1. Can you give the calculated 222 nm mean residue ellipticity of the chain, where each DSSP H run of n ≥ 4 adds -39,500 (n - 2.57) and the sum is split over every residue, rounded to the nearest 500 deg cm²/dmol?
2. Please state the relative contact order of region 11-90 as a whole percent: Cα pairs under 8 Å, 6+ residues apart?
3. Taking the mean number of other Cβ atoms within 10 Å as a proxy for protection, how do you rank 54-62, 16-24, 66-74, 90-98 from highest to lowest?
4. Report in % the part of the accessible area of the chain that belongs to carbon and sulfur, leaving out ligands and nucleic acids; probe 1.4 Å.
5. What accessible area per residue comes out for the chain, rounded to a whole number of Å², with a 1.4 Å probe?
6. Label points 7 Å out from Cα along the Cβ direction at ALA23 and LEU96: separation in nm?
7. Taking the simple approach of a point 7 Å from Cα along Cα-to-Cβ for both THR16 and GLU44, what is their distance in nm?
8. Quote to one decimal, in nm, the extra length available between ARG79 and SER9 on full extension: 0.36 nm per residue of separation minus the C-alpha distance between them.
Amino acid sequence: MNNDKKRPSVRYSGDTPPATLRAWCDAHADRVFELHAGGGYCTERPDGFAYDVLLRPGWCMSDDCCHTLIEPTVADMLRQLRAIVPCDCEDCMTALAKGGGSW
Ligand SMILES: [Zn+2]
């Protein structure tokens, strides 16, 4: 068992994230590794702006075992974040074995 009580912190990059999204990520820092806000990700918007979340090892999307979430709006991202599930794929197991909550 890992009884490390030290709270992990989320890494933020790109534009300043909206307060609602940041609050969710901070409250679930055990699941969110990094949040990036900026252009170049989303093909559904002319400016390409999107929120891009990399989950921590041990978590993934419920439908496609993807560890990266890319959504154009805060509402879409929160909906996806609330739907993540524990993951035990090979990549996650390797990262978890290293410890530290990072990839
Ligand atoms: Zn995984």
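1. -7500 deg cm²/dmol
2. Reported as a whole number, the value is 25 percent.
3. 54-62, 66-74, 16-24, 90-98
4. Ligands and nucleic acids excluded, carbon and sulfur reach 50 percent.
5. Normalised by residue count, the accessible surface of the chain is 60 Å².
6. Going from the ALA23 label point to the LEU96 one covers 3.1 nm.
7. 2.7
8. Difference between extended and current length: 23.1 nm.
The values are calculated or read from the model by the stated rules, or taken from the named source; none is laboratory data. Note that this is a predicted model, so its numbers are computed, not measured. Glycine also receives a Cβ, built like all others from the backbone with ideal geometry; neighbour counts cover every protein chain displayed. Quick note on the areas: whole protein, heavy atoms, side chains included, nothing else; ligands and nucleic acids left out. Shrake-Rupley method; radii C 1.70, N 1.55, O 1.52, S 1.80 Å.
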